[in-house]
Amino acid sequence: MGCFVVFEGGDGSGKSTQARSLFRRLRNRGIKALRTHEPGGTPLGQALRRLLKSGEPMAPISELMLFEAARAQLVQHVIRPFLDQGGVVIADRFTSSTIAYQGYGRGLDRELIERLNREATGGLEPDLTVLLDLPVETALARKGGADGGKTEDTFDNAPVDFHRKIRRGYSALAASDPEGWLVLDGQRPPEELSREIWAKVQTVL
Ligand code: TYD
């Protein structure tokens, strides 16, 4: 019935590199795999990504509902169908991003977020969530620097303290479900991380 692996972490944590690497390993072994990311993966998701980069000030509650709307589309039209065909779906961000960013970061009500997460996903949960954890300063330096860095993303330019809340949020989520999460030090060499992730995914598969 397929397998669903999610990569989580702050901005600049190296998720995309690891998601790509896992995708290649699966494909090289002839395993049916799909890589997707949030926000994105559908026309609605792409539109949300453009909106976030436009710099339009957004109320936290609007932000929450937009992410959830994009997620509902992605689950219904992309993730679910692929899992139903027995494939492995690798997602760069999923429901935990919303708890970390809109919950811990923006301070929105946790129960509300969890309710919307359930509604948007129809209760779909990852078989494994990989958290790439690293100090906020290191992650932001990788992305081009906090507060006035080169990127225009809403969250890349948020104060360092915002990113610290996100990191704490992820740590709390991982600690509450040690079976479902693999927490790795994102400062380790990418090749080493990739091997460890692959070993874990094989046990889940
Ligand atoms: P993106 O450029 O994709 O960043 P990254 O490569 O780190 O994923 O921008 C997406 C931003 O949206 C990122 O800062 C995290 C944020 N985000 C939320 O705030 N809530 C969510 O539910 C999701 C999926 C992402």
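The values are calculated or read from the model by the stated rules, or taken from the named source; none is laboratory data. Keep in mind that what you see is a predicted model, and the values were worked out from it rather than measured. Note: ideal-geometry Cβ built from the backbone for every residue, glycine included; neighbour counts use all protein chains shown. The accessibility values were calculated without ligands, DNA or RNA, using every heavy atom of the protein model including side chains. Shrake-Rupley method; radii C 1.70, N 1.55, O 1.52, S 1.80 Å.
Brief remarks follow.
- Per-residue ³J(HN,Hα) for region 166-174, Karplus 6.51 cos²θ - 1.76 cosθ + 1.60, θ = phi - 60°, Hz, x for Gly and Pro: 4, 4, 4, x, 4, 4, 5, 4, 5
- Our coupling estimate for region 92-108, obtained by passing each phi through the Karplus curve with A = 6.51, B = -1.76, C = 1.60 and θ = phi - 60°, is 8, 6, 7, 3, 5, 4, 5, 5, 5, 7, 7, x, 5, x, 8, x, 6 Hz, Gly and Pro reported as x.
- Heavy-atom accessible surface of region 3-204: percent carbon and sulfur, 1.4 Å: 50
- Using distinct alpha-carbon pairs, which all enter the 1/r mean, Kirkwood radius of region 3-204 in Å: 17.1
- Compared with the alpha-carbon gap, the fully stretched path from ASP185 to LEU112 is longer by 23.2 nm at 0.36 nm per residue.
- Residues in the chain average 48 Å² of solvent-accessible surface per residue, probe 1.4 Å, ligands and nucleic acids excluded.
- With DNA, RNA and ligands ignored, accessible area of SER176 (1.4 Å probe; Å², nearest 10): 90
- The count of lysine pairs in the chain that are at least 8 places apart or cross chains, and whose C-alpha atoms lie under 17 Å apart, stands at 4.
- Ranking LEU132, GLY180, GLY30 by Cα position along the charge dipole of the chain, where only Lys, Arg, Asp and Glu carry charges on their C-beta atoms, puts GLY30 farthest toward the positive end.
- Placed amide H near PHE94: partners under 5 Å, 5+ positions off or other chain: none
- The packing ranking, built from the mean of other Cβ atoms within 10 Å per residue, places the peptides 51-59, 182-190 in the order 182-190, 51-59, highest first.
- The chain - mean residue ellipticity at 222 nm from DSSP helices (-39,500 (n - 2.57) per run, n ≥ 4, rounded to 500): -15000 deg cm²/dmol
- TYR104 exposes around 80 Å² of accessible area when a 1.4 Å probe is run over every protein chain in place.
- Region 155-205 and region 90-117: distance between their alpha carbon centers, rounded to Å: 15
- For region 189-199, 3J(HN,Hα) per residue [Karplus equation, 6.51 cos²θ - 1.76 cosθ + 1.60, θ = phi - 60°, Hz, x = Gly/Pro]: x, x, 4, 5, 4, 4, 5, 5, 5, 4, 4
- Residue with peak Gaussian network fluctuation, the chain [Cα springs, cutoff 10 Å], from HIS77, HIS163, HIS37: HIS77
- Environment charge at PHE94 (Cβ cut-off 14 Å; Lys +1, Arg +1, Asp -1, Glu -1): -2
- Under a model in which nothing but the beta-carbon of Lys, Arg (+1) and Asp, Glu (-1) is charged, region 83-148 shows a dipole of about 200 debye around its Cα centre.
- Rounded to the nearest 20 debye, the dipole magnitude of the chain is 700 debye, with +1 charges on Lys and Arg beta carbons, -1 on Asp and Glu beta carbons, and the Cα centre as origin.
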